[in-house]
Structure formats: C-alpha cells, structure tokens
Amino acid sequence: IQLAKYVVLYCNLNGIDISHLKLQKLLYYIQSWHLVYFEKELLFSDTPEAWLNGPVYTTVYSDYFHKQGYKMNDLIVLDQDNSNLEKEYSELSNKLADKAALVDKVLLKYSTLTAEKLVLLTHCEMPWSKAREKCEDMTCREPISIDDMYSYYSSLITNKAKQVVYLCTTK
C-alpha cells in the first residue's frame, strides 16, 4: 500500500495521469525489475494475479477499488498542495531507501505510457500470458509466477547485452 501511494504521489507531482488500472501495471513492472536487479528479492510480498486486463495485486485492488472507491479508469488525483505531496513523497522515498532509485527509474520508463498501452504490453509478455493459459474463463485469478517474472525480465537484459556485444564485434 505504501508503494502504491509512492507511485500515485510520483505521478501527481510529475503531472502524469494515473488510474487504478495503470497503478496495477506500474506496480507489476516495479516488482519485476526489482526481482532482476536485487537477485529475486521481492520488494513487497503480494503475488500478482493474471486478471483479464493484466497483472493485479489484490491488496492494492482492495484498498483503491473497494475502500477508496476508485474505478478502473478513474484518475487518482490527490487533493493537496504540492508542498504536502512533496513532503509525503520524500518520507516514502526515505522508507524505500536504496530501492527508491530503481523504483524511480521504472516509473520514469513506464509511467508516461497510457493504462491501455501498459495492458497491451503485459499481454505480450510471457509471465502474464503463461498464467492466463491456465484460465478457463474471463474471471480467472491465476497467480503469475515470480520465477517467470524473474526469468523473463532477466532475459531481456541478457538478450540486449548480447545484441550490444554482437554490434560492437561486427563493426
């Protein structure tokens, strides 16, 4: 929940639209890249589920959807002045400690994409699609394997490194 708040604050402070749907996908990418860069260490304990519109963390879903009343595409706008938002963001950043830099890099890369683009992106990637293969209906809540997340996103780095080595050696 604190990381979700951090993401919402980041987006609000940077003038980036954030909805409940987009928040879920950003959390998924934060967790995925955290697994890669911190050798399979989880940033938070929730396991994503392969819902129809991409990965969902049920704890955050419950908090933002049920308790706070945000629907899937409602924009989450924090009604506070920027100094209060910046103070809260700074406090949460301090709690994240050495993880904040990675979280911010992931947000820099993914937060400007629309929720719809993030949904499509997750649908094209192996961890979500593999979990959805086990689903028999649209309301399936199949867990997405943490091992699959780690393997898939690690392979993106490995493949990119191989491409760079190949390009450098063929010139």
Legend entry - Protein accessible area in the stretch 1-94, 1.4 Å probe - carbon and sulfur %: 46 percent
Inset, instruction - Go through 76-88, 147-159 and give me the packing order, highest mean Cβ count within 10 Å leading. - result: 147-159, 76-88
Inset, instruction - For Trp51, enumerate residues with amide H under 5 Å from its amide H, sequence gap 5+ or separate chain, H modeled in the peptide plane. - result: Val56
Legend entry - Measure of compaction for the chain (Cα Rg per 2.2 N^0.38 Å): 1.08
Legend entry - Fully extended contour minus Cα-Cα distance, from Glu133 to Asp147, at 0.36 nm per residue: 3.4 nm
Legend entry - Distance violations [Cα-Cα > 23 Å] among Lys40/Lys95; Lys25/Lys87; Lys5/Lys95; Lys22/Lys99: Lys25/Lys87
Inset, instruction - Give me the aspartates and glutamates in straight-line cross-link reach of Lys130: C-alpha distance below 17 Å, same-chain residues under 8 apart excluded. - result: Glu49, Glu142, Asp147, Asp148
Legend entry - Rounded to whole Å, sorted largest first: equivalent-ellipsoid semi-axes of the stretch 1-56, Cα gyration tensor: 20, 15, 9
Inset, instruction - Within the stretch 1-99, report the chymotrypsin sites (Phe, Trp or Tyr not before Pro) that DSSP leaves as loop and that have at most 16 other Cβ atoms within 10 Å. - result: Phe38, Phe44
Inset, instruction - Could you compute the FRET efficiency for Ser83 and Thr58, with r as their C-beta to C-beta distance and R0 at 25 Å, rounded to 0.05? - result: 0.15
Legend entry - Mean residue ellipticity (222 nm) of the chain, computed from DSSP H runs ≥ 4 via -39,500 (n - 2.57), nearest 500: -18500 deg cm²/dmol
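The values are calculated or read from the model by the stated rules, or taken from the named source; none is laboratory data. Computed from a predicted model, the values in this text were never measured in an experiment. Every residue, glycine among them, receives a Cβ derived from its backbone with ideal geometry; neighbour counts consider all protein chains shown. Surface accessibility is based on the protein's heavy atoms, side chains included, excluding ligands, DNA and RNA. Shrake-Rupley method; radii C 1.70, N 1.55, O 1.52, S 1.80 Å.
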